[in-house]
Amino acid sequence: MKNISKFTAAVAAVSLLVSCQGSGPEAAVKGYLTALKDKKVDEAKKYGTETTQNMLETLNQLKMLPEVTEIKDIKCNVQDSTATCTFCCMKEGKNELNLVKRGEKWLVNEKKEGGDMNQNPEQPADSTATSATETAPAGENAPAEGAAH
């Protein structure tokens, strides 16, 4: 009888763990942030859309990954197949993530932000590019990105 009670308690504990991990947006945020905190970029990519995966790859190559100091207070506002989740704590930047639901899975859907990564292609980063674009005769385009000056 004692063994049955232990078995029942073990099954209940495992069920509780599985239900707490769940597949909701909170679980996706926790997995994503934990992977970033542990500097496991490939693991973090599993929780992201293609846009997020590409952004993480770029940030990793530039050695500019966000620094997660602590993961707590995850709260998500779900509207249909999107969610906005807040959390604590990143060293810098906002403590908010956008998610989308794809099938039964919630994925972090981060947009490129800040610096050159948020640059509008029609708004050059420096004034020399602006003057070259503005002074180009009609019908001619500014030099292609990466072209020698």
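We did not get these values from a lab; they are worked out from the coordinates using the rules stated. Just so it is clear, the structure is predicted and the values come from calculations on it, not from any experiment. Neighbour counts run over all protein chains shown; Cβ positions are idealised from the backbone, glycine included.
Past the 19 Å Cα-Cα mark, which pairs from Lys37/Lys94; Lys39/Lys75; Lys39/Lys105; Lys39/Lys91?
Checking Cα-Cα distances, Lys39/Lys75; Lys39/Lys105 exceed 19 Å.
Based only on Cα atoms, what Rg/Rh ratio does the stretch 46-108 have, Rh being taken as Kirkwood's radius?
A ratio of 0.99.
Go ahead and run the numbers for FRET between Thr84 and Leu62, Cβ-Cβ distance against an R0 of 22 Å, rounding to 0.05.
0.25
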